[in-house]
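Notes for the one structure printed next.
None of the figures in this text is laboratory data; all of them are computed from the coordinates on show. Source: prediction; values computed, not measured. No Cβ is skipped: glycine too gets one built from the backbone with ideal geometry, and neighbour counts run over all protein chains shown.
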Amino acid sequence: MEDAIIFKELLTNNKIKEREVRLIDEKGTQVGIVSIYEASRMAEERNLDLVQMSGSSKPVVCKLMDYGRYRYENLKKEKEALKKQKVIEVKDIWLSQTIDVGDLNTKAKATRKFLEQGNKVRVSIRMKGRQQAHPEVSMKVMEQFFESLKDIAAVEKNATREGRSIAMILAPIKNN
């Protein structure tokens with residue numbers, strides 16, 4: 001989990017190689033453009049770090065702050081954001097053009113479970129040989145399959161023919 005957190009390290013104290021900086025003090029008020037030596041002296045006097053906030057502007061913007069605390073708080077915010085984020089997976093269910101009612105119900109049960117977990121489901125039918133001459137039969141199977149799930153699922157992508165297969169994507173219905 002620690003690897004997933006990305007914190008952009010900033011230049012601090014003697015790593016800043018500019019002659020002049022636009023300085024902002026610890027309270028957020030702008031001090032103005034001062035030499036790097038003056039800014040470093042002010043940081044030392046107040047027991048704070050001189051941190052380069054923006055390197056793209058001329059002169060660069062630096063701020064007086066406790067960098068360790070700033071870094072800790074940012075890492076904590078990123079961890080919280082990661083906890084709140086939910087990864088939605090797309091599960092695959094394969095049907096056939098000649099599927100029987102019992103098998104269709106079994107596949108629908110599995111799909112229902114995926115949808116209840118909040119995942120999306122890609123339902124596909126691979127047509128073989130002579131089946132390709134009658135894609136309307138596969139479309140009918142897709143419609144029957146969706147009918148058994150319409151109380152919990154919404155069609156995100158309608159059933160479309162993609163070469164030898166027909167696919168549609170179902171998403172869970174949001175219950176507010």
Q) What net charge do the residues around T98 carry, taking every other residue with its C-beta under 13 Å from that of T98, with Lys and Arg at +1 and Asp and Glu at -1? A) +2
**Q.** Loop-resident sites, the stretch 73-115, for trypsin sites (Lys or Arg not before Pro), counting at most 15 other Cβ within 10 Å (DSSP)
**A.** K86
Q. On the first, second and third principal axes, largest extent first, how far apart are the outermost C-alpha atoms of the stretch 89-176 in Å?
A. 45, 26, 18
Q. Given K27/K58; K83/K113; K91/K150, which pairs have Cα atoms separated by over 19 Å?
A. K27/K58; K83/K113
Q. Which value in deg cm²/dmol, rounded to the nearest 500, describes the helix-derived mean residue ellipticity at 222 nm for the chain, given -39,500 (n - 2.57) per DSSP H run of n ≥ 4 and division by the residue count?
A. -10500 deg cm²/dmol
Q.
Sort D103, D151, D49 by Cβ crowding within 10 Å, fewest neighbours at the top.
A. D151, D103, D49
Q: Would you be so kind as to identify which of L149, I88, I99 lies farthest towards the positive end of the dipole of the chain, taking Lys and Arg as +1 and Asp and Glu as -1 on Cβ and the Cα centre as origin?
A: I99
Q: Starting from the Cα of Q132, step 7 Å along the direction of its Cβ; do the same at E20; then give the gap between the two resulting points in nm.
A: 7.3
(Q) Can you tell me the orientation of helix 135-147 relative to the chain, as the angle in degrees between its alpha-carbon axis and the longest Cα principal axis, to the nearest 10? (A) 70
Q) Full extension from K157 to R71: what is 0.36 nm times the residue separation minus their Cα-Cα distance, to one decimal in nm? A) 26.6 nm
Q. Once a ≥ b ≥ c are taken as the square roots of the eigenvalues of the Cα gyration tensor of the chain, is the result rounded (a/c under 1.5), prolate (a/b larger than b/c) or oblate (a/b not larger than b/c)?
A. prolate
Q) Which percentage, to the nearest 5, of the DSSP beta bridges contained in the chain is antiparallel? A) 70
Q. By how many degrees, 0 to 90 and rounded to 10, does the Cα axis of helix 101-116 deviate from the longest principal axis of the chain?
A. 10
